[in-house]
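Please treat every number below as a calculation from the coordinates, not as lab data. Predicted model, so just to flag it, every value in this text is computed and none were measured. Quick reminder, even Gly has a Cβ in these numbers, built from the backbone with ideal geometry, and neighbours come from all protein chains shown.
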């Protein structure tokens, strides 16, 4: 097998596993089921992956890494805190809609990860949460927003994250439209807390 | 056994099952584990419950019923839309903090329910979501709020619901404090969308 084939196979395994875990739960999905769904024998499957837990990590860490990469750039970029928050929200909603299986697995099953896997994932989540908190603070410092207690970050993220339950790419509104609407309420409220 | 004993036993089974399901997942928890955790033999356990799925239903429906009862009264009550939304939020955050295992199971496992169980639970969730939408519309009608698209209800509920992941009764802030803070942002934003 070539390196390209290997990476394509691994991606297919992760995509299929995300579907199965999202539908039946991580503990409710056996490796034999995954093996059957991807059409690989057990030996061939284990050629590509280390363990069921490594697949769970790949699914969840993959989703948040895809989110962190553009979000880091947005936060480091120019523009008002408000403009960057709007951009962050659009990227988040697009990401959740496109990777809905992965996010379902992330939110439902992150606590099924153990040890270093779990620690790494929580570290990534904190990093991402920190980006929002940074922009909120920058907005306070620049006078765009009134005072914002840190716990508001949790509410803000909840507003967007919870959408993994209902937001779809082919829904009535685009993910970006929904992000804009939510930002209208949110940013109006942040200004209003002055 | 007396009726009181029966109901106490059933409550203990549900409480224990909520703990196990929240920790290891619904599919990851066997009836033998539940039987052992509550200290009842399999026969005695099945005297109190119909099936594992009936326990999942009791846990999730129980949580939302405890939420709907006071929330119905708040929505039907007097006061501005804003005052009733604040009350609704306080009741929701208190409920999530006190029943955190049940809500963890609700959000993670509601799709593990099948047929009528699932339909009933979704019906209850829609009813509850409808209460928020009703107050938002009343606030628009009374001129308290600017126009509010229905999808904003999802964002608002996400802001609060997502707290099942981090809100605890013994946390730094009381659930009511958190509800008030979130409402400050939210209601400021709803006013500001005019």
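Looking for whichever is touching a residue at least 40 places away in the same chain (Cβ under 8 Å), under 21 Å from residue A:177 (Cα atoms), in contact with a helix residue (DSSP H, G or I) (Cβ under 6 Å, 6 or more places away or on another chain) and facing chain A (nearest Cβ under 10 Å) here; the options are B:185, B:148. Which one fits?
Details: B:185 fails: touching a residue at least 40 places away in the same chain (Cβ under 8 Å).
Just a single option satisfies the conditions, and that option is B:148.
Would a scan of the range B:169-177 turn up a residue that is closer than 26 Å to residue A:149 by Cα and crowded, with 21+ Cβ neighbours inside 10 Å? Yes, the conditions are met somewhere in the range B:169-177.
If we scan the range B:128-138, do we find a residue that is in a helix (DSSP H, G or I), in contact (Cβ under 8 Å) with a residue 40 or more places away in the chain and within 12 Å of chain A (Cβ to nearest Cβ)? Yes, the range B:128-138 contains a residue that is in a helix (DSSP H, G or I), in contact (Cβ under 8 Å) with a residue 40 or more places away in the chain and within 12 Å of chain A (Cβ to nearest Cβ). When A:17, A:37 are checked against the criterion of being crowded, with 20+ Cβ neighbours inside 10 Å, without any contact (Cβ under 8 Å) to a residue 60 or more places away in the chain, part of a helix (DSSP H, G or I) and out of contact with any strand residue (DSSP E or B) (no Cβ under 7 Å at 6 or more places or on another chain), a single residue qualifies: A:17.
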